[in-house]
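Single-structure report; data block below.
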Amino acid sequence: MRHYLSARQFTNDKELTGMRQHPQTLWYGMTRRYCVVLLIAMFMAISAVAQVPTPKSVLGFHPTDDRTIADWTQIHDYFGKLDAASGRVKVEEFGKTTLGKPMIVAFISSEENIRQLDKYRSISQKLGDPRKIAAGENADELIKTGKSIVSISCSIHSTEIVASQMSMNLAYELATANDDDTLEILNNTILLLIPSSNPDGIDIVADWYRKTLGTKSEGTAPPELYHHYAGHDNNRDWFMLNLAESRAITKLYWQEWFPQIVYDVHQMGSNGSRFIIPPFFDPPYPRIPPSIVRDVGLVGYKMAADLQAAGVKGVATNTTFDMWWHGGFRTAPYYHNSIGILSEAASANLMTPMEVPNERLKATGPARGLPSPLERAINLPDPWEGGTWRPADIANIEMIASRSTLGLAAKYRTRYLRNFYNLNKAGLERDPNEPQAYVLTAGQPNTETIARFLDILMWHGIEVYEMTHELWFKHEKDIDNYHEMPLGSFLIFVDQPQRNNILSLFEQQVYPDRINANGEPDRPYDVAGWTLPLQMGIQSDVVWDTRDLEKFRDTLKPLKNVDQARAVMNLSPAGPFAKVRNPLKSPGRVGLYKGSAGSMDEGWTRYVFDTHQIKYTSVTDRDVRSGRLDYDVIVLPSIGESGLVRGLSAERYPDEFAGGIGEQGVSNLKKFVEDGGRLVCFDASCGFVIKTLGLPIKNALSDVRRNDFYNPGSIVKLMVDTRQPLARNTFPETPAYFTNSSAFEVAQDAMNVRTIAWYARSNALMSGWMLGEKYINGKTAIAEATHGKGSVVLFAFRPQHRGQSWATFPFIFNALEKQAATAN
């Protein structure tokens, strides 16, 4: 409009004179010209909107309509067309998935902001690390100038498919709408919209859904993991960063953009409340700043108020999901001083509507903080009574919640930026009640593990230093006793913007004893403990003070990449998160059971094998049923007897996927061992093998009530007989991960069973929570049994838990070696 007016100049003096003499003529002329300008501007705006493609015009259907689904190619294609048509949208590829698909983020903001993305990214980086604010700059001016950075990520769990479809509708609305609320969002925020953080899974689900439309399998989950390795556990990887997707998003967030708000959009089961949002349930982890806890609740209440205003029923808060655990998409931001939001909408049958009768809701048991989805309460003031539940219902809720989050970020832009800055600045200040640093002492034998650990820290943006000068450290807070640390050690100071991240990864977790009125433990949403050095079997020492630190601090060498650390430990260069050299000396022919139902434990086992370049073959249900078991070793992941033997139901799945290994497969596995093969069994599969082979072993916890023993996910101490071949390259005391696992009792007269490791006889808990420890103290944790000509290795726990428990990986590797004589 400004360009049109400047192009029309009054240069005729006679015309100007006439207008001065006849002001009504001037007014009429200007009004007419203004109307023309306005009409042209409106036409241009309408034309611009018309040129922005609707999702339906590209896909051929409206996303989130019943029985429609867009795969990743279609979603990717739509966002590309939106980028080309709208100055409010810029789409970038920021990484590759595990299977090589492009991961994309759509930056959505005003056209002016989109043109200056580099400027606003730089501001957010400086607020994320105040040490980067240059001379002549000041935080107040950066806060005044900066924009709220908000990320919304969709459908990390690909069967929770609706958000990925909704993302196209949200992007189109923000690209075309011109109402005051939308313009405020566009002017004051920069949205990083990730249509899916698991594109591989989107295609797996879309392909399966299309194949099964109109069949008995319509709306079922695919008969495979929807992430190549992790399945549902791809949202359990946010401190370990095993997965390509986790690393790509971590880099986007915590190395580049430093969002103040991260919103992770999920779905849940169908028979409870319709939508769960913050505030969350207790307990919060002590390292999460109180202001973050408050702001998480504030965003949730704003969502709830907006949903109520829109007439949405069944919205619940303060239930089910807590703020304790570190490793989720929405919990990781807390340790980067950002607000993490999770929403969980009730699911349909993928993209097929479903009926949820009132009777089914009545039969739904209580959730944490929510006695019934039908009971009116402070945290559920307007219950949903049941009825038809459609994908469009889910999308509508998610759209309102997304707009609500963006509206808050826009309206209170400077508040969010200042709080973010203040929290990061506070991390730089030394707290005498907290450690000064942690040190990884030089000379530890597991150098590849240490290299991976340092790689993880640096990918998070945590600073690590190589010691190039001997320093003297005090390891106990109140004892003035200093110890020398050798050259080649690695030092991680706590006084960094990520103070809370460092502390939460290194310290031992102490989950509060939360026992309800019935004497039952209140289970955390995920796990209770995760101390990373313990899980990985690395010695890390607490440093409370360093003698003459200021004198020698300049001698410390900051690590710029993992290969610098590898060089210090005399390892060859490998690059970030590189595969590890195969640790097997005499590898046997390894088969890994991979049932049709899909097992996360199997996926993580594959991940460990692939990361360590161990050759294996996947063994299917059909292979086991037919007796095609030409292997030296077969690994059974943590899958219970029902999952192994019966598998998927033939009522819902085609015959090719149904039925498990069946009774014939049970007989074939038994014969495999009797003929000289070795079975390696993890956790839940052990009971099936013990029963099938009649081994003189029982699970000591099988009849123990939850009121008496409970361990929902903690690190425990193993005592190890290191003389045994299965214990090669392990330590006499080794941390292991226990998550609702087992403890074995071996019959006293058993001649064919040998205990390799047992749970410590006292003080077995190392990090987390364990009720009734006496029930596992001294019990067998790893056993080796002979049967016929073969053998069985039984792990009472998961030695490869989520690819995190590197401390117990050597037991797995030893079990895969060609069988050797057992030590006496």
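Rounded to the nearest 20, the Cβ-based charge dipole of the chain about its Cα centre (Lys and Arg +1, Asp and Glu -1) stands at 940 debye.
Given segment 771-811, report the % of alpha carbon pairs whose separation exceeds 14 Å. Don't skip to the answer; put the middle values down first.
Numbers: 502 of 820 pairs.
The calculated P(r) of segment 771-811 puts 61 percent of pairs beyond 14 Å.
Database remark: amide H of His787 closer than 5 angstrom to the amide H of Val792 (H placed geometrically; neighbours at sequence offset of 5 or more, or on other chains; Pro and chain starts carry no H).
Solvent-accessible area of segment 500-555 (1.4 angstrom probe, protein heavy atoms only): carbon and sulfur portion equals 41 percent. Amide H to amide H, with H built 1.01 Å from N, Val510 comes under 5 Å of Gly768, counting only residues 5 or more places away or on other chains.
Counting only protein chain heavy atoms and rolling a 1.4 Å probe, the accessible areas of Thr320, Thr468 rank, largest first, as Thr468, Thr320.
So what's the net charge close to Asp480: Lys and Arg +1, Asp and Glu -1, counting the other residues with Cβ under 11 Å from its Cβ?
Details: positive: Lys474, Lys477, Arg547; negative: Glu476, Asp478, Asp545.
That sum, taken over residues with Cβ under 11 Å, equals 0.
Here's the picture: charge each Lys and Arg Cβ at +1 and each Asp and Glu Cβ at -1 in the chain, and of Tyr301, Val105, Asn358 the one pushed furthest to the positive end of that dipole is Val105. Its residue count N fixes a reference of 2.2 N^0.38 Å for segment 427-557, and the Cα radius of gyration divided by that reference is 1.20.
Where the accessible area of segment 390-479 is counted over protein heavy atoms with a 1.4 Å probe, how much of it, in %, is carbon and sulfur? C and S fraction of accessible area: 48 percent. Accessible surface calculations at 1.4 Å, restricted to protein heavy atoms, place the chain at 41 Å² per residue. In plain terms, the C-alpha convex hull of segment 520-584 casts an average shadow of 9.1 nm² when viewed from every direction. Can you send over the carbon and sulfur percentage of the accessible area for segment 631-701, probe radius 1.4 Å, protein chains only? It is 47 percent, rounded to a whole number. Go through Lys81/Lys119; Lys126/Lys477; Lys477/Lys779; Lys216/Lys671 and tell me which ones have a Cα-Cα distance over 27 Å in this structure. Flagged as over cut-off: Lys126/Lys477; Lys477/Lys779; Lys216/Lys671.
Kirkwood radius and radius of gyration were both taken over the C-alpha atoms of segment 92-198, and their ratio Rg/Rh is 1.04. Treating the angle as unsigned and between 0 and 90°, give the value, to the nearest 10°, between the Cα long axis of helix 290-309 and the longest Cα principal axis of the chain. Approximately 60 degrees, to the nearest 10.
For Val619, the residues whose modelled amide H falls within less than 5 Å of its own, excluding neighbours fewer than 5 places apart on the same chain, are Leu592, Tyr593, Lys594. Within the shell defined by Cβ-Cβ distances under 10 Å, the residues around Lys216 carry a net charge of -1, with Lys and Arg each +1 and Asp and Glu each -1. In the set (i) 217; (ii) 191; (iii) 162, which value of volume of the Cα convex hull per residue in Å³ was calculated from the structure you see? Evaluating volume of the Cα convex hull per residue in Å³ on these atoms matches (ii). Is the shape of segment 125-284 best called rounded, prolate or oblate, per the rule: a/c under 1.5 gives rounded, else a/b larger than b/c gives prolate, else oblate, with a ≥ b ≥ c the square roots of the Cα gyration tensor eigenvalues? Taking the square roots of the gyration eigenvalues as a ≥ b ≥ c, segment 125-284 is prolate. A simple count of charges around Gly640, restricted to other residues whose Cβ falls under 14 Å of its Cβ and scoring Lys, Arg +1 and Asp, Glu -1, yields -1. The orientation-averaged shadow of the Cα convex hull for segment 670-821, equal to a quarter of the hull surface, comes to 8.5 nm².
Considering only DSSP beta bridges whose two residues both sit in the chain, what percent are antiparallel, to the nearest 5? Show your work: numbers first, answer last.
Details: 66 of 106 bridges.
Antiparallel: roughly 60 percent of the beta bridges in the chain.
With contributions of -39500 (n - 2.57) from each DSSP H run of at least four residues, the per-residue ellipticity at 222 nm computed over the chain stands at -10500 deg cm²/dmol.
The values are calculated or read from the model by the stated rules, or taken from the named source; none is laboratory data. Computed from a prediction, not measured in an experiment: that's the story for all the values here. Every residue, glycine among them, receives a Cβ derived from its backbone with ideal geometry; neighbour counts consider all protein chains shown. Heads up: the accessible areas ignore ligands, DNA and RNA and are worked out on the full protein's heavy atoms, side chains in. Shrake-Rupley method; radii C 1.70, N 1.55, O 1.52, S 1.80 Å.
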